[in-house]
Amino acid sequence: MAPEVLDGGETSGEDRLPFLDTGIADILAKSTGGIGVVLEHRYYGESIPVSNFSTDSLRWLNNAQAAADSANFLRNVKFDGIQEDITAPNTPWIYYGGSYAGARAAHMKILYPDIVYGAIASSAVTHATLEAWEYMTVIRDAADPKCSSHIVNAISSIDSILQQGYFKRQLKALFGLAELEHDEDFVSLLETPLGYWQAQCWDPEFGSTGFDDFCKTLSAPFSRIMNAAEIEALPYGHENRMVTIEQGFAVDIAVVNYARWIKKHVVSRCKTTVEECFGTYDDAQYQDTDLKQEWRLWLFQVCTEWGYFTTPPPDQKESTIVSRLLNLGYESKICKQAFPPGEHFEVPGLPNITVYADDREDTILRPFKIIPGGVHHYDEWGYTNIFDEPPEIRKIHAEMIEFVREWLKDWKSPKGDATAN
């Protein structure tokens, strides 16, 4: 028996059940004659050891102690109905995770090589960094070129208008945000549609079409007299693409369509004033620490150890899909606002990032796989019949089954048994 543990990461274990039902945990368990287990991360889901999410209460939410939780589980696990000893290192446990949990899978193999026999780190954020500007450049380069170009040009135009200041209020009003005081808050909201990129999935039951829908919006004609194909063929800023907002102030149709999307999908959710909804300079809005404030959990990890603040590229000449007003100071200020010093713990000025990075060749012992067209831990989802999966997903699942089986051939029980359980 070769059991697999799927790390729940920064969400409840319940959210990971699809991966146990028909996803990667189920696929690997069936292929090795083992069992699959979802392990919930401390502080998430039902695994909450504290009465509130204050700075002091969150001080045990860190990488080292969460890894120790996993190690403790593997060393002591018992299940009703399973008589044999399946604890590590007496059984070859395979540790799987995606995204943050993928980094944890890699860390577990490094920190606990005696009890984690094999680890699969999918889309793993093993390289913690303060400024994760590369994240947005990946979207810029991988998205449909026309859509990417629209976003780059729209953001450039918006930044120019804000810097010049002449029509700043009119620009914000176009987006339904005329009363939003700080420019940084305004351009931060423009990142909202970019968040849908990571929500894409090859399985339509779980995937979002939000990013593609946003791209279609950017290219939509502004009026019935506009021909979509003709407008799309014109270069950004062409006079026939410009929409006059008021005397002396006109913007490209892509900016107008960007504004329409933001008004419909973001501003429409606001039930009070836009400053109350979207302003980020009032410290009081971040002071509630009851257990309903689950947003504090991953943010605490970001502020203390991981970073990943999404800023524009450092090269000022490089095109960007996020505003250049979004510097590290703005992106990280919420750390001080949400987590004032406690009696027993103080959040550092900047995260004490931990770095585990590794580039390597693709081998059976140390596989390095790239899924064509993949977005984010695409291998984690699966179908009961893998032959119903897209070819690239079916291929990666077959490769994973192959290398895990090859790993297991080399396993030797520390008890001296000739074969595995």
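The values are calculated or read from the model by the stated rules, or taken from the named source; none is laboratory data. In this text, all values refer to a predicted model and were calculated from it rather than measured experimentally. Methodologically, a virtual Cβ is constructed for each residue, glycine included, from the backbone with ideal geometry; neighbour enumeration extends over all protein chains shown. For accessibility, only protein heavy atoms count, side chains too; no ligands or nucleic acids. Shrake-Rupley method; radii C 1.70, N 1.55, O 1.52, S 1.80 Å.
Using a 1.4 Å probe, what is the accessible area per residue for the stretch 256-375, in Å²?
Numbers: 6830 Å² over 120 residues.
Here the per-residue accessible area is 57 Å².
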If R0 = 41 Å, then residue 213 and residue 366, at their Cβ-Cβ distance, give a FRET efficiency to the nearest 0.05 of 0.55
Which value in Å does the Kirkwood hydrodynamic radius of the stretch 61-193 take, with 1/r averaged over all unlike C-alpha pairs and then inverted? 19.0
For residue 170 and residue 51, what does the FRET efficiency come to when R0 = 41 Å and r is the distance between their Cβ atoms, rounded to the nearest 0.05? 0.25
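Given the pairs 30/369; 146/264; 109/292; 172/333; 109/369; 216/264, which are separated by over 25 angstrom at their Cα positions? It would help to have the intermediate numbers written out before the result.
Values: 30/369 21 Å; 146/264 22 Å; 109/292 33 Å; 172/333 23 Å; 109/369 18 Å; 216/264 14 Å.
Where the Cα-Cα span goes over 25 Å, the pairs concerned are 109/292.
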Less than 12 Å Cβ to Cβ from residue 101, Lys/Arg counted +1 and Asp/Glu -1: what total charge do the surrounding residues give? -3
Label-to-label distance, nm, for residues given as residue 127 and residue 395 (7 Å Cα→Cβ offset): 2.4
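Starting from 0.36 nm per residue, how many nanometres of slack lie between residue 318 and residue 232 once their C-alpha separation is accounted for?
Numbers: separation 86, 0.36 × 86 = 30.96 nm, distance 2.37 nm.
Working it through step by step, the gained length comes to 28.6 nm.
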Using modelled amide H (1.01 Å from N, peptide plane; none on Pro or chain starts), what sits under 5 Å from the amide H of residue 120, excluding residues fewer than 5 places away? 95, 96, 97
Highest GNM mean-square fluctuation among 47, 156, 323, for the chain with Cα springs under 10 Å, belongs to 47
Quick one: with all protein chains in place, what share of the accessible area of the stretch 98-180 is carbon or sulfur, to the nearest percent (1.4 Å probe)? 54
Using a Gaussian network for the chain with springs between C-alpha atoms less than 10 Å apart, which of these wobbles most: 37, 138, 266? 138
Expressed in µm² per second, the diffusion coefficient of the chain from the Stokes-Einstein equation, with Rh the Kirkwood radius over alpha carbon pairs, at 37 °C and 0.692 mPa s, is 137
Under a crude label model (7 Å from the Cα following the beta-carbon direction), how far is residue 30 from residue 269 in nanometres? 3.6
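What's the carbon and sulfur percent of the stretch 199-318's accessible surface, probe 1.4 angstrom, rounded to a whole number?
Values: 3430 of 6670 Å².
Carbon and sulfur: 52 percent of the exposed surface of the stretch 199-318.
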Out of the GluC sites (Glu not before Pro) in the stretch 348-409, which ones are loop residues according to DSSP with at most 16 other C-beta atoms within 10 Å? 361
Assuming 0.36 nm per residue, please report the length gained on full extension of the stretch residue 17 to residue 413 beyond their Cα-Cα distance. 139.5 nm
Two-site FRET efficiency, residue 79 against residue 281, from Cβ-Cβ distance with R₀ of 56 Å, rounded to 0.05: 0.65
Starting from 0.36 nm per residue, how many nanometres of slack lie between residue 206 and residue 240 once their C-alpha separation is accounted for? 8.3 nm
If you filter the stretch 288-378 for chymotrypsin sites (Phe, Trp or Tyr not before Pro), then keep DSSP loop positions with at most 14 other Cβ within 10 Å, what is left? 368
The chain - Cys residues lacking any other Cys C-beta under 4.7 Å: 201
Which three semi-axes in whole Å describe the equivalent ellipsoid of the stretch 8-62, each the square root of 5 times a Cα gyration tensor eigenvalue, listed largest first? 30, 9, 7
In the stretch 249-320, the trypsin sites (Lys or Arg not before Pro) that sit in a DSSP loop and have at most 12 other Cβ atoms within 10 Å of their own Cβ are 271, 292, 317
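What does the accessible area per residue of the stretch 62-135 come to in Å², with a 1.4 Å probe and no ligands, DNA or RNA counted?
Values: 2960 Å² over 74 residues.
Heavy-atom accessible area per residue stands at 40 Å².
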